[in-house]
Every structure is written in C-alpha cells, then in structure tokens.
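**Q** Right, I'll just put the structure down here and ask away after.
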Amino acid sequence: MRFSVFTILFCQFIFAQTQYPKDYFAPPLDIPMQLSGNFGELRPNHFHAGFDLKTNQREGLNVYAVADGYVSRIKISTFGNGKCIYITHPNGYTSVYGHLQTTVGAIQEYVQKTHYKEKAFEIEMFLKPGELPVTKGQLIALSGNTGSSEGPHLHFEIRDTKSEFVVNPMFFGYDKNLNDNKKPTISSLYVYPLDNTTVNQSKQPLLLNVSLQKDGTYLASKVKANGKIGFGISAVDFDDVSFNKNGVFNVSTFINGDPNYNYQFNTYSFDEMRFVNALIDYPKYKKSGQRVQKLFMKTPFALSIVKSDSLHGVIPVKPNLALSYRIEVSDYFGNLSSITVPIEYDIETPIVNAEPVTSKYFIKVNKDSNFEKDNMSVFFPAGTFYDDFNLNFDVKNNRIYIHDDVVPVHSNFTITIKDSSYAENLRDKLFIGRISGSSKSFNATTRKNDVFTAKSKTLGQFGLVLDTIAPTIAITKPIEGKWISDVKAIQFTINDSLSGIKSYNGYLNGSWVLFEYDNKTRKITHKFDDALLAEGANDLKIEVMDNVGNSAIFETHFFRSQQK
C-alpha cells in the first residue's frame, strides 16, 4: 500500500506544479459567463473538451480573441464544432472557438476565398504566424449553432499548443467569472461483484441505499461480500446561476483512509476521449441512459487522468477484515460531497444469480480474434475492447450478427462479406450497413470483385444494402421564371435515405457558388452576391451525389435586376 499511496501523491504533486497564467486570457464573450457544459463532462463517446458558454439562447453574439496571437487553423465542418477558429498565442497555448455562425473581417475574407478556391463548403486551413494576426479583444466571429451543436452557444477550449492536450479553462482564471457554492450531487451508488463474488446475496450489480448524516456527509448501507468488488456513482454538479447539470471535477476514493482511486478532469489528449466508454458502466448507459462512473478498472486502460493503487480500484474483501470505503466528489471550487460505505466479509447464499452466459465465443482484450461463418467474417484486433467478454456471433438470413451495442468498442473492427449474387452493374451500389429494425446506417465500404469490406466501432447486425435510389432535392420557395431582385438567399432541402449524401455542388450561370449545409435541417443555403449575378436572366443548377454514386440534378432559372 505504501507504494500505491506514494504513486498517487507523487502524481498529484507533479500536477500541482503546473503553472497556468491566471490573468492572460479574457472572456470570449461580452456577456456574463454562464456554462451550459463544463470541461470533462461525460458525452457520447467522448469527454467534453472545453466550456459550452451560453449565448442567451440566440445566435449572432460577438466573439472576441481572448489574447494576442494569430489564427493558426480554421475548420468549416457540417459536424463536430461546425465553423471553428483556432488562435495560437505566444504563451504556448491555443484557444478554440466552435459552433460559430460566421467569421468576420479579414478572417471571413480568407475563408470565403478558400471556399471558392477549393469549391467546397467543408474546408480546413492551416495558417502561418504572419497571415492572420489578431489582438486581444478583437472581434473574430459571431456565435452560432453550427455543426453538432444542439442549441445556440459558444464552444470554447484552451489547448497546449505543442502537445495539443486540452486543458481545463478553469486553470486560466475563468473561475473568477463563475459563482458556485453548491456541492456536487451523488444521485446513486452501485456496488459491483467481480470474479464470481457475492455481494449482499447478489451476483449482479446492486443499487445501495444512502442516508444523510448530521455533518452533511452520507452513509451507505453495509456491503457484505466474499471476494473482489468495485463501486460506481452517478454524480453531477450545479453552479449558482446556470441551473443545468455539469460534470464533476474530481472523484477520489479511500480504503480505511488510504487513497485507492482518483480521477481529476485537468488535461488529456484527444486520443483518450473514447475512454469515456470504459470509465462508465456502458451497458447500463445503453439500456437506461444513466451514466454510472465506475471507480475501478477491471482491466486497466490508459486514461491519463486516472491515478490508482496497484489493484486499480478493485477491493478484495477478505475474512476477519472490516473496511471503511469513502468516496469524495468535488467541483473545481472545492465544494465536496462524500459517502462512506462500511464493508465486511460474509459468506451468503446468493438470491440473485449472475446473468446466464449463452455464447460459445470468448473475446480476450489483448489478443486478435477472428470469427467466420458461411460467407461472412469479423476481425477484432487486440485492443478493440476494454474487457474480456463472451461474444454472441452468428450468420443467418444474409446478415452477420455481432453481439449488440451494450459492449463498448474502442477502435475499429473489420467486417467482410463475400457475395456474388448481385449483377456486376449493381455491385458498386452496395455497402455494408448496420441494420437496426428498419434503419440502415452507412459504413464506408471497399470492394474487390465480390468481396466487400467495412470497418465499424459499433456492434450489432450488419448486411449488404443495395442503394439505387438517387438523393432528393427540393427548393424551399419556388423561383422558376420569377423576378427575385429583393431576395437575399435561396435554400434547398437535400436528402438521401440510404447511403447518405457524399457531396453537393451549386452552379450559378455555369460557375460554382457556395452553398452552406446544415446537417440538422438538411438544408443548403446560398446568400446572393451581386458580383456573381447577371442582370436579368440567371440559371441555377444543384447537383447532389450519395455515397454509392447515385446523383440528382435540380435546375431552375430566375430573373434579377441589379438596379437599386
């Protein structure tokens, strides 16, 4: 135990030595700072990489550079952070501004030129220090709702420029702009029997009762076990003004007062983001939507924020040894909630048995695995999963059944299907799709003769899907043959129900023009520019192609006067 305690304290000491500038960065908005999401918050397949700042439930607020520097990267995407600016600062950090409605000034001019140079809406630019310098407080953009945003807000990050690790913005003095006097809320506590252990007469995870004590801490009901166990919690944090659930900052556990397991959301790399699925009880999340944060590693995984003893948070319950297990959950401001769990050894006959295992296949985390039947196979490289488990696998009715999505997948596995039943002219219209009920989701598929291959990070049912249906294009407001001199923009809805849209292009009088795509509404929008329009008659064409090459074309003409 001495070595493990020393390791934890040493890691905490190293972290404490990091000196972050407290007064270097200004707020990126000129309204009071309120969070709708904080750093490290648990999200689908990732930890949140920064702050989500509220923008009064609307778009178009001014976004400012938080310090002197230069625009080092601009990315315009239909997903993720949408329209996003990266500013590199001379102090070794980079600030990131996401979900923007638009960039402004010289930045927007640069973006617009690149759109037309590359003839694409989705673009990514890496700039040199002298190309687009900015000063602290300079207006760089307007806030928006682009990309995968679920509502108007500004996504804001700070990264270490050299390592590209994201860093909690709280460390840079932004805590001064926030008020938080509320303790985190621990809404549930679970105990997990491991390696055939019985806990309180159950071989399945149990929800424990907790009671509030006079000193403000909580006491859990006694745990009686006869082997290895672990614990998990559901916990969220609230601040004084935002009234929405945020993630917690620090979780620490202790056995008889000695450190046992800890994670703190301070800094981590993007390569670690998917480990959120190992940190939580993933099956419970997929079945109920509840994220239970596990306080142990059954199989160790390389998430740098986790510090633990040599047993990785697993607790062996042995005869003649009573244990006191304590969980402490705190926010960045030091508000703390704690639960104490008394543990003792006891041999009890289980009333609730473990779920029966019906599979005849077994996956070991550190070994390659390949399963094949008939004309279909699946290959799992070592490290695809987080824990060993029993796999359900079968091939029937032209589908390959690969377990289901209650087991998290860390990296891609490969599905191969051999099928010569389709005519040669149809084979390029086939893709390996994940099939759930009537829904078929596209996976990028390669073909060599009659062998189809695709990669996935989600378990489930897969099969070949034939897509011979062209995308659809619908104009929001017809303009055929009309004078539309006062119209500022034109909009279309584009859709493809099977393989999905791969590309789209718009042409005005034979020249490519920019249409912006919103994946949430499936609409493309062109804002008219008089310099690109002809006096009188104008021809407009839209071309849309899906992921297997089916295409659709929409053509119209309209009239416009440049005389104002």
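All of the numbers you see were taken from the coordinates with simple rules; none came from a lab. Here the structure is a predicted model, which means the values were calculated and not measured. No Cβ is skipped: glycine too gets one built from the backbone with ideal geometry, and neighbour counts run over all protein chains shown.
**Q** Between rounded, prolate and oblate, where does the chain land on the alpha carbon gyration tensor, with a ≥ b ≥ c its root eigenvalues, rounded for a/c under 1.5, else prolate if a/b exceeds b/c?
**A** On the way: a/c = 2.52, a/b = 1.38, b/c = 1.82.
Oblate, since a/c reaches 1.5 and b/c is not below a/b.
**Q** Here's a follow-up. Can you list the aspartates and glutamates whose alpha carbon sits under 15 Å from that of LYS360, skipping same-chain ones fewer than 8 residues off?
**A** Straight-distance partners of LYS360: GLU372, ASP388, ASP394.
**Q** Exposed loop GluC sites (Glu not before Pro) only (DSSP loop, at most 16 other Cβ atoms within 10 Å): please give the longest stretch of the chain free of them, not including the sites.
**A** Values: sites that count: GLU122, GLU131, GLU150, GLU164, GLU348, GLU480, GLU535.
It works out to 165-347.
**Q** Still on this structure, please answer the following. Under the Karplus relation 6.51 cos²θ - 1.76 cosθ + 1.60, θ = phi - 60°, what is the ordered set of whole-Hz ³J(HN,Hα) values for the stretch 131-138, x standing for Gly and Pro?
**A** Once θ is set to phi - 60°, the couplings for the stretch 131-138 become 6, 9, x, 9, 10, 4, x, 6 Hz.
**Q** Another question, if that's okay. Tell me the angle of helix 105-118 to the major Cα principal axis of the chain, expressed in degrees between 0 and 90 and rounded to the nearest ten.
**A** So the inclination is approximately 80 degrees.
**Q** Using Cα positions and a limit of under 23 Å, work out the lysines in reach of LYS364, with same-chain residues fewer than 8 apart set aside.
**A** LYS203, LYS228, LYS284, LYS286, LYS294, LYS298, LYS373, LYS455, LYS457
**Q** Suppose every Lys and Arg Cβ carries +1 and every Asp and Glu Cβ carries -1, with no other charges. What dipole size does the chain come out with about its Cα centre, to the nearest 20 debye? Let's see the in-between values first.
**A** Details: 60 positive and 58 negative charges, 127 e Å.
For this selection, approximately 620 debye.
**Q** Along the stretch 20-37, what does the Karplus equation 6.51 cos²θ - 1.76 cosθ + 1.60 (θ = phi - 60°) give for ³J(HN,Hα), rounded to whole Hz, x for Gly and Pro?
**A** 9, x, 8, 10, 7, 9, 8, x, x, 10, 9, 10, x, 6, 9, 9, 10, x
**Q** Any chance you could give the angle, 0 to 90 degrees and rounded to 10, that helix 2-16 forms with the longest Cα principal axis of the chain?
**A** Helix 2-16 and the main axis of the chain meet at about 30 degrees.
**Q** Between GLY37 and residues 5 or more places away or on another chain, which pairs have amide H atoms under 5 Å apart, with H built 1.01 Å from N, and which residues are they?
**A** ASP52
**Q** What is the total of Lys pairs in the stretch 21-172 with C-alpha atoms under 24 Å apart, excluding same-chain pairs fewer than 8 positions apart?
**A** 25
**Q** In addition: Restricting to DSSP loop positions (anything but H, G, I, E, B) with no more than 13 other Cβ atoms inside 10 Å of their own Cβ, which chymotrypsin sites (Phe, Trp or Tyr not before Pro) remain in the stretch 223-272? Could you put the intermediate results ahead of the total?
**A** Values: sites: PHE231, PHE238, PHE243, PHE249, PHE254, TYR261, TYR263, PHE265, TYR268, PHE270; in loops: PHE238, PHE243, PHE249, PHE265.
Loop-located and lightly packed - PHE243.
**Q** From the phi angles alone, apply the Karplus equation (6.51, -1.76, 1.60; θ = phi - 60°) to the stretch 246-252 and give each ³J(HN,Hα) in whole Hz, x where the residue is Gly or Pro.
**A** Going residue by residue, I get 10, x, 8, 8, 9, 10, 10 Hz, with x marking Gly and Pro.
**Q** Ranked by Cβ crowding within 10 angstrom, fewest neighbours first, how are MET376, MET297, MET125 ordered? Write down the numbers at each step before the final one.
**A** Details: MET376 26, MET297 20, MET125 17.
In increasing order of surrounding Cβ atoms, one gets MET125, MET297, MET376.
**Q** Could you pull out every residue, at least 5 positions away or on a different chain, whose amide H is within less than 5 Å of the one on PHE47? Hs are placed 1.01 Å off N in the peptide plane, and Pro or chain starts have none.
**A** VAL276
**Q** Give the Kirkwood hydrodynamic radius (Å, one decimal) of the stretch 185-345, defined as one over the mean of 1/r across all pairs of different Cα atoms.
**A** On the way: mean 1/r = 0.0615 Å⁻¹.
With all distinct Cα pairs of the stretch 185-345 included, I get 16.3 Å.
**Q** Under a 5 Å amide H to amide H cut-off, with H placed in plane at 1.01 Å, what residues pair with ILE501 once short-range neighbours are removed?
**A** For ILE501, the qualifying residues are ASP496.
**Q** State whether the stretch 509-549 is rounded, prolate or oblate according to the following rule on the C-alpha gyration tensor (a ≥ b ≥ c being the square roots of its eigenvalues): a/c under 1.5 gives rounded; otherwise a/b larger than b/c gives prolate, and the remaining case gives oblate. All intermediate terms of the calculation are to be shown ahead of the outcome.
**A** On the way: a/c = 3.21, a/b = 1.71, b/c = 1.88.
Judged from the Cα gyration tensor, the stretch 509-549 comes out oblate (a/c at least 1.5, b/c at or above a/b).
**Q** Just want the answer: with Cβ charges of +1 for Lys and Arg and -1 for Asp and Glu, which residue in ILE347, ALA235, PHE296 is farthest toward the dipole's positive end in the chain?
**A** So the residue furthest toward the plus end is ILE347.
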